[in-house]
Each structure stands twice: as C-alpha cells, then as structure tokens.
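None of the figures in this text is laboratory data; all of them are computed from the coordinates on show. Just so it is clear, the model here is predicted, and its values are computed rather than measured. Cβ atoms come from the backbone with ideal geometry, glycine included; neighbour counts cover every protein chain shown.
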Amino acid sequence: MTTPQSRIADHVHSALDVVPQTPIIEPLRRAFAAHEGALADIENAFRTFTSAAPTPERARYFFHSWSLTNHSAMCVSGIGNRITLRLLDERNGIDKPRLTSALLALHRISDEDLGALGGTLHADLFYEMADLFCDGDAWMRRGFALDSARAFKDYKNRTGLRMPDLMFGLLSTVAHEVYTHGEVEFILPLFRGLVQQHFDIDEKQQRRRLAWISVHCGPTEREHFRHAVEAIDHYCAATHTDLGAYELEQLFGEYIENKAAVMRDLSRLMTTLN
C-alpha cells in the first residue's frame, strides 16, 4: 500500500511548528485550515501539469504565469527600501535599532534569491528549468501571462510597495514564505517524476534543471519564513504597532486565494491547449 503524498498544508504546518510562538502563528494555522479547498486546487494544477509531457505551448503559459507568483525578492527588497526611509524619519517614538533589526531580517530573506552569498541568481535557475519544458525562452513573452497571474503580481506589489501601512507588506511576505515552503516540498517529487519519465537527460542534468525547486526545499524557505517573522516582531516593537489591529487570518487567506486563482486558471487552460 502506497503512502499518500504530503499536502502543501502538511509542509506548512511543519514550518509553523519550529518557529517560536508569536501572534501570527495561530492565524496562519487557521488560514491554511480554512482554505483547504484552495490548496487542493493548487495541488491539482501541479499534478495536472506534471501528469504527462507538456507541449511547449502549455509549458509557456504555465511557467510565465507561475513565475509571476514567485517574484518575492523584488517585493522584499522594496519593503526594505521603505524601512530605510522610516530610519531617516526624525519623528520621535521610532526605535531605530529595532527598525534596523527588521531591515536586517528582511535582507536575509533575499540573500539566496539575489545570489548575494555567492550562489546562482535564482531567476537564472528558474530560467534553466523553464527552458527544458518550453523549448527556448519564448515563455518570457508577456502574452503568456494569464490575467489572474497579472492580478496576483499587482496584488503583491500593492500590498508590499504601495499601501501606506508597511505592515501589510510584511504580513504578505510571511504568508508568501511559509506557503512557498509548502509548495516546493510538494512539487519536487512531481517534477522529478516528470523529468525522469519524459526527458532523456542524465541525473546531473536533472538536478541542474530542477535546481530552482530543490534549492528552496529543506531549511531554505523555513529560514526565510523565520526571518520574515523576526522582521515583523522587530517592526512592531520599533513602531509600537499592535498586530491585534489587523485581520490576520483574513489577510493570510487572501494570499492563498489569490494564488489559487492563478493555478485554477492554469488547470482550465491546460485542457484547451495542444
């Protein structure tokens, strides 16, 4: 008898279990429990895509639209820029050492993504993966972006970079980091199986092509999540912000539903393309 594959939520909860308790942990648990249907739709989209060798056209829509849900380094850097502006604020009441600690925690999230530790830029790893399935880089054309994927990117940019209250950006970052931990852990065996079955490349090439997924597995995204939690703790202390003033479960659920909207549309589109 085979063991059922772990769901995204299982991996998310494993990450929540190892982070010190803060006011955001329980709302995250409730949000992921309340939106099980959305998570199931996301899982089904990945299962559908990896169930057979995708045509280049299907892959181009899939990878371009999926990529628009993964651009966290830009948002994290933008939030950091906004914090530096707060550090320049001469108004009384801001604890600048704690605000600096929030900024440092954010920078630790984007270190690997930006290649700041000497590794490969993660955008290049994603390109390597997409190139295998998409037969070149045509997938990067904006015409392959679904409307819901564009809407997701706008939502992330709005919460992280445009809303006057910076806390919304920090909360969105927490949701993104812990969700992404669950996603990459869930999809790695799916993509490995797809490549092994349908692509004539050796094991070294398989690892290279799927490195974008594998490098985010294990402790990587869990640590990103921990840093995001630390950033919120420091920011709240620095600015005397009360998390009780925010509808945390609702905000986290909004992230899940926006992500699910993209993946549902991709699932529907896959059935209409050659």
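Key figures for this structure:
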| item | result |
| --- | --- |
| Subset of segment 80-94 (residues that are over 20 Å from LEU161 (Cβ atoms) and surrounded by 14 or more Cβ atoms within 10 Å (Cβ to Cβ)) | ILE94 |
| From the options GLU43, GLU57, residue that is within 23 Å of MET140 (Cα to Cα) and acidic (Asp, Glu) | GLU57 |
| Residue that is nearest to VAL76 (Cα to Cα) [pool: residues in segment 230-255 that are of a type in the set (Gly, Ala, Ser) and surrounded by fewer than 17 Cβ atoms within 10 Å (Cβ to Cβ)] | ALA237 |
| Tally, over segment 151-171, of residues that are in a helix (DSSP H, G or I) and either among the acidic types (Asp, Glu) or closer than 19 Å to THR84 by Cα (or both) | 12 |
| Helices (runs of 4 or more DSSP H) lying entirely in segment 7-106 (those with 1 or more residues that are within 30 Å of ASP265 (Cα to Cα), within 19 Å of the chain's Cα centre (by Cα) and among the aliphatic types (A, V, I, L, M)) | 8-17, 25-34, 36-50, 72-87 |
| Evaluation of GLY218 against (1) surrounded by 17 or more Cβ atoms within 10 Å (Cβ to Cβ); (2) more than 16 Å from GLU43 (Cα to Cα); (3) under 15 Å from the mean Cα position of the chain (by Cα) (one fails), failing number | (1) |
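Residues checked against (1) without any contact (Cβ under 8 Å) to a residue 40 or more places away in the chain; (2) exposed (fewer than 15 other Cβ atoms within 10 Å of the Cβ); (3) in contact with a Pro (Cβ under 6 Å, 6 or more places away or on another chain); (4) closer than 27 Å to ILE83 by Cβ:
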| position | (1), (2), (3), (4) |
| --- | --- |
| ALA105 | no, no, no, yes |
| ARG108 | no, no, no, yes |
| GLU112 | no, no, no, yes |
| LEU117 | yes, yes, no, yes |
| LEU132 | no, no, no, no |
